[in-house]
Amino acid sequence: MAVVTMRELLESGVHFGHQTRRWNPKMKRFIFTERNGIYIIDLLQSLSYIDRAYEFVKETVAHGGTVMFVGTKKQAQQAIAEQAGRVGMPYVNQRWLGGMLTNFSTVHKRLQRLKELEQIDFEDVAASGLTKKELLVLSREKAKLEKTLGGIRDMQKVPSAVWIVDTKKEQIAVGEARKLNIPVVAILDTNCDPDEVDYKIPGNDDAIRSVTLLTRVIADAVAEGLIARSGAAGAKEGDKPAGEPLPEWERELLEGAEAKAAEVAPTAEAVSAADAADPQAPAADVEPAAETPAAETPAAETPDAETPAAETPADQA
């Protein structure tokens with residue numbers, strides 16, 4: 001089954017590019033035609049590039065990697081937050097802070113600070129041991145950190161790949177990812193530079209429906225990769241996959257499933273041992289009677305007369 005259909009792309013307006021006067025000549029090979037002063041993107045190429053990006057993201061996540069979702073423009077903020085939250089991946093949808101990737105050690109300290117502030121009960125002034133003014137200052141600091149870093153609060157290291165909506169607006173994020181050799185998966189509108197993106201998807205990065213559709217496709221690839229990762233972890237019986245560890249929410253689910261399996265296992269073993277022990281007793285009683293007919297072939301009728309108890313196994317045989 002196709003990842004996405006041509007009809008879905010057309011209905012979402014993925015084929016609409018920018019005005020002909022606002023374009024990057026490097027995007028010429030992805031343009032189908034021009035109509036009413038607007039470039040029309042070749043959706044046949046978009047479909048093939050979507051499949052490539054989908055497979056890359058799925059394999060990356062299946063091998064223990066993470067994908068950061070980035071989209072700070074108004075049209076992308078809601079889709080980025082919803083789809084990244086659905087699959088438990090880090091995201092940035094408010095403002096990209098310089099150094100989020102290249103200076104992650106400092107960003108990680110701010111994340112620790114955010115977690116410290118989340119432990120404070122701002123409603124209980126007496127128990128906090130702080131004045132109302134001090135609590136007000138801390139609450140404002142917490143709100144600011146949540147707005148800018150809330151989407152990456154659980155990120156322990158730089159991601160394995162980044163999904164970017166509008167590479168022109170997120171130029172800093174693209175530059176940091178390329179500096180660290182992190183693969184970039186992004187929507188390419190007719191005004192973008194395809195040389196900056198490793199896994200490109202030609203399409204409209206300004207329409208809400210287009211951005212939502214393509215972001216959902218990438219999130220579906222992440223979800224499929226997570227399923228494959230969980231299956232591989234179960235097959236290896238607890239071996240840790242290479243790469244970043246599972247997110248906390250996913251790890252809790254797996255640990256809960258393993259705990260239930262461990263509780264059921266001893267019970268199943270006891271039942272099977274009891275079932276195995278019961279047939280052994282009659283087998284020991286029947287063995288002497290069974291040896292007589294085995295020695296004398298024609299004497300098969302004798303057990304019928306002498307040992308009536310053996311009739312039942314003979315009838316069953």
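Using θ = phi - 60° in the Karplus curve 6.51 cos²θ - 1.76 cosθ + 1.60, the 3J(HN,Hα) couplings for the range 60-75 round to 4, 6, 4, 9, x, x, 10, 10, 8, 9, 10, x, 9, 6, 4, 5 Hz; x is entered for Gly and Pro.
Between residue 166 and residues 5 or more places away or on another chain, which pairs have amide H atoms under 5 Å apart, with H built 1.01 Å from N, and which residues are they? Here the answer is 187, since their amide H atoms fall under 5 Å of that of residue 166.
Please list, by residue number, every one of the trypsin sites (Lys or Arg not before Pro) in the range 122-213 that is coil in DSSP and has at most 16 other beta-carbon atoms within 10 Å.
Counting only loop positions with at most 16 other Cβ atoms within 10 Å, the trypsin sites (Lys or Arg not before Pro) in the range 122-213 are 153, 157, 168.
Close amide H pairs (under 5 Å, H built 1.01 Å from N) link residue 31 with 42, residues at least 5 positions away or on another chain.
Note on residue 34 and residue 118: the model spin-label points, each 7 Å out from Cα along the C-beta direction, lie 5.1 nm apart.
With a Förster radius of 51 Å applied to the beta-carbon distance between residue 24 and residue 139, the computed FRET efficiency rounds to 0.70. Across q = 0.18 Å⁻¹, the range 102-154 modelled as identical point scatterers on its alpha-carbon atoms has Debye log10 I(q)/I(0) values of -0.60, in the order of the q list.
Against the empirical 2.2 N^0.38 Å (N residues), the range 104-191 has a Cα radius of gyration ratio of 1.48. A full extension of the chain between residue 74 and residue 59 corresponds to an added length of 2.4 nm, given 0.36 nm per residue minus the alpha carbon distance.
Classification of the range 150-232 by its C-alpha gyration tensor yields an oblate form. The axis ratio a/c (a ≥ b ≥ c) is 1.5 or more, and b/c is at least a/b.
With a Förster radius of 30 Å applied to the C-beta separation of residue 228 and residue 108, the computed FRET efficiency comes to 0.60. Using Cβ point charges alone (K and R +1, D and E -1), the dipole size of the range 102-154 about the Cα centre works out to roughly 320 debye.
Couplings 3J(HN,Hα) of the range 81-97, computed from phi: 5, 5, 6, 5, x, 4, 10, x, 9, x, 8, 10, 10, 10, 7, 8, 8 Hz, in residue order, whole Hz [Karplus 6.51 cos²θ - 1.76 cosθ + 1.60, θ = phi - 60°; x for Gly and Pro]. For a paramagnetic label modelled at 7 Å from the Cα of residue 195 toward its Cβ, which residues of the range 1-31 fall within the zone defined by backbone nitrogen distances under 11 Å? Residues 26 fall inside that zone. Quick one: net charge around residue 206, please, counting Lys, Arg +1 and Asp, Glu -1 for every other residue with C-beta under 13 Å from its C-beta. Computed value for this residue: +3. Among the listed pairs 169/200; 115/142; 28/179; 115/157; 74/109; 73/147, those with a Cα-Cα distance over 21 Å are 28/179; 74/109.
Where a number appears in this text, it was derived from the coordinates with a stated rule and is not lab data. The model shown is predicted, which means the values in this text are computed figures rather than measured ones. In this analysis, Cβ positions are derived from the backbone assuming ideal geometry, glycine residues included, and neighbour counts consider all displayed protein chains.
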